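Since the structure comes first, as structure tokens, the remarks are kept for the end.
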Amino acid sequence: MKKLVGLLPALSGILWGSAGVFVRDLTELGMDDYTLLSSRMIVAAAVMFVGICLYDRSLLKIRLKDWWIFVGGGVLGMFGLSFCYNIAIGQLTLSLAAVLISLSPVFVLLLAAVLFHEKITGKKVVCMAVALAGCALTSGILESASGMQWTVPGIIIGVMGAFFYGLYSIFTKVAMDRGYHSFTIILYCITVVAIVLLPFTDWGFLARTVPAGGLSLWFFMLLHSLCTSVLPYVCYTVGLKYMDAGKASILAACEPVAAMVFGILFYREMPTVLSLAGLFLTVAALIVLGMPDKKRA
């Protein structure tokens, strides 16, 4: 059972990789980015709240002096990541968008060096360079006749999403250092994003479209929240109980591969040889980057 539970981080990567399918389908219905995120976060916050109440109500407690951590993690981290990822999915292939978001460890290293004075070693620099080279191959920009879907704004926004993902990791690190459980961090960051998005949500569109879509649309939106905002974090957190953080991050690194598979199955986004090589090069570099120093050496 422990071995099976140990695979949960890989499941979290697959679930994160499925985000593009939900975003594209809901966007085709006419849902704007703010409304899409708002509906997702409201449902996710409600599910997380109920789940924590059933699991351990003490996890709902936070200290008022730490409010800035959850606001920062929610607005600068989770909202920035989700908003940029949604836009990137519309302008890039699912695999390229996921690869760009996966560059977040690079920004985590750079931010940690500035904020926490953590040392950047030569091996880390090599890994970052290899990851960036892999992204260049995955994008198809080196193949004039590749037919890969990409735009310069899309790539810039995707990289910005990775930066915001890195910020979320930094705020999470600060919160955990202060004794907060990861479920507490997830709940309050999601809640902050949901509150911030309330004024920008097209409630009229939801009132018209959701009831007309019937139970299938209700279920699809619920699945969107569960697969992209609740279950991945829960699976990853539970998996951490049975392995070290380095191994968990390695298993979760399958997200870009999962996104590529979803792109092939649902949107016929057929990768080229170079894009496949770039994807696996990037994933390999990020895996090595996530290893403890001794294993990396």
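Key figures for this structure:
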quantity	calculated
Tabulated pairs, the range 78-99, first touching a residue at least 12 places away in the same chain (Cβ under 8 Å) and closer than 12 Å to V23 by Cα, second surrounded by 24 or more Cβ atoms within 10 Å (Cβ to Cβ) and among the β-branched types (V, I, T), C-beta under 6 angstrom, 6+ apart or interchain	Y85/I101; N86/V23; I89/V23
Subset tally (residues that are polar (S, T, N, Q) and surrounded by fewer than 22 Cβ atoms within 10 Å (Cβ to Cβ)) for the range 21-38	2
Residues (charged (D, E, K, R) and open to solvent by 20 Å² or more (accessible area, probe 1.4 Å)) located in the range 53-105	D56, R57, K61, R63, K65
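Conditions tested, residue by residue: (1) out of contact with any Leu (no Cβ under 8 Å at 6 or more places or on another chain); (2) under 28 Å from H117 (Cβ atoms).
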residue: T151; (1), (2): no, no
residue: I156; (1), (2): yes, no
residue: Y168; (1), (2): no, yes
residue: A175; (1), (2): yes, yes
residue: P199; (1), (2): yes, no
residue: S225; (1), (2): yes, no
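The values are calculated or read from the model by the stated rules, or taken from the named source; none is laboratory data. In this text the structure is predicted, and so the values were computed from the model without any measurement. For neighbour counting, all protein chains shown are included, and Cβ atoms are generated from backbone atoms with ideal geometry for every residue, glycine included. With ligands, DNA and RNA removed, areas are computed over all heavy atoms of the protein, side chains included. Shrake-Rupley method; radii C 1.70, N 1.55, O 1.52, S 1.80 Å.
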